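Visitor: Have a look at this one before I ask anything.
What follows is calculated from the coordinates using simple rules that are stated; it is not laboratory data. Because the structure is a prediction, the values reported are computed rather than measured. So basically every Cβ, Gly included, is an ideal-geometry build from the backbone, and we count neighbours across all protein chains shown.
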């Protein structure tokens, strides 16, 4: 059974708020429409700056949209996140030099979120809203993939936002320059002035890539066709589905590029933090599958646990450590490679190699 649902399943529930900007000089996007009964409920109507009509645009073709920003939410107003959600919406609409759409997948919130979203009128770019019960955050993200029209997709949680108006444009530029299928960038933590620098994770500290998702999906643009090919997120994972998807992307041969422009502010916390033990168990399963599928190496749960919790490869897998290190350096492009970076990278490589030599298993 496909994890990414058919768009037709949502046609009668999709709300579309059209951009208020002048589109006379733009190429119209190719969309199809589903005609609804005249007495259809308000949630099934298409909402624009004009009076509602009885048609709903559905996104089964790319059209002229470059990026689809997907935001999933559930009762954000009840959680006291109205102000930051407003900042989320405004930051998407403020992006420059890019054609995008904002897809909001709401899990049937009961706190007035849908009504509040309907009243949002800062629509420089299309906003498309689906409010329907789902099976968790990754099921909602898969629905966002189904609804998207963009060539690229980025997932931006409701309590995160873009602080750089050129983030999308810079990301597309880098992807096209390197010929990659996804991009990643540094992020800022809300309330902290410092950046989290992902270039130090996959390139200079291999264990950071192996133990968890090495950078935030809030800074990643990913080719929609790749997500469709991989059938999106595996909803059998409740906490580590994003980590599993990245590993499957690498198995597929995907290459990512670093964008040297921080543009996302990330709020700490979330499901994986709250359910830490579940997250560890799922990451062990993900990494086991990755080593088995890509390197044809079967490792026990205890051996993979050593890698995730203690950052140590068992001694008998030192060859696998070398292969993984080489693979990561080949798949992540555009990371600064000055003399200091080179020295730091090899220092960490040797340090963890010696640590593995002293492994107790």
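Visitor: Could you order the peptides 140-146, 209-215 from most to least packed, using the average number of other C-beta atoms within 10 Å per residue?
Guide: Values: 140-146: 24.7, 209-215: 21.9.
Final packing ranking: 140-146, 209-215.
Visitor: Test of understanding: what is the full-extension gain from residue 116 to residue 6, defined as 0.36 nm times their sequence separation minus their Cα-Cα distance?
Guide: Working: separation 110, 0.36 × 110 = 39.60 nm, distance 2.71 nm.
36.9 nm is the gain from fully extending residue 116 to residue 6.
Visitor: Please give the contour-minus-distance gain from residue 285 to residue 361: 0.36 nm per residue of separation, less the Cα-Cα distance, rounded to one decimal in nm.
Guide: 25.4 nm
Visitor: On a full-extension model of 0.36 nm per residue, what is the gain between residue 97 and residue 318, subtracting their alpha-carbon distance, rounded to one decimal in nm?
Guide: Working: separation 221, 0.36 × 221 = 79.56 nm, distance 4.69 nm.
Using 0.36 nm per residue and subtracting the Cα-Cα distance, I get 74.9 nm.
Visitor: Now for a different question. Sort the following peptides by mean Cβ neighbour count (other Cβ atoms within 10 Å, averaged over residues), highest first: 99-107, 176-184. The partial results should precede the final answer.
Guide: Numbers: 99-107: 24.1, 176-184: 18.7.
Ranking, from highest mean packing down: 99-107, 176-184.
Visitor: Right, next: Sort 9-17, 289-297 for me by packing, meaning the mean count of neighbouring Cβ atoms within 10 Å per residue, highest on top.
Guide: The packing order, highest mean first, is 9-17, 289-297.
Visitor: Another question, if that's okay. So if R0 is 41 Å, what FRET efficiency would residue 13 and residue 296 give, r being the distance between their Cβ atoms, rounded to the nearest 0.05?
Guide: Plugging the Cβ-Cβ distance into 1/(1 + (r/R0)^6) gives 0.35.
Visitor: Also: Specify whether the C-alpha gyration tensor of the stretch 61-143 places it in the rounded, prolate or oblate class, a ≥ b ≥ c being the square roots of the eigenvalues: rounded for a/c under 1.5, otherwise prolate if a/b is larger than b/c and oblate if not.
Guide: oblate
Visitor: For 346, 116, what ranking results if the residue with the fewest other Cβ atoms within 10 Å of its Cβ goes first? Provide the component values of the computation, followed by the final result.
Guide: Numbers: 346 11, 116 15.
With the fewest neighbours first, 346, 116 line up as 346, 116.
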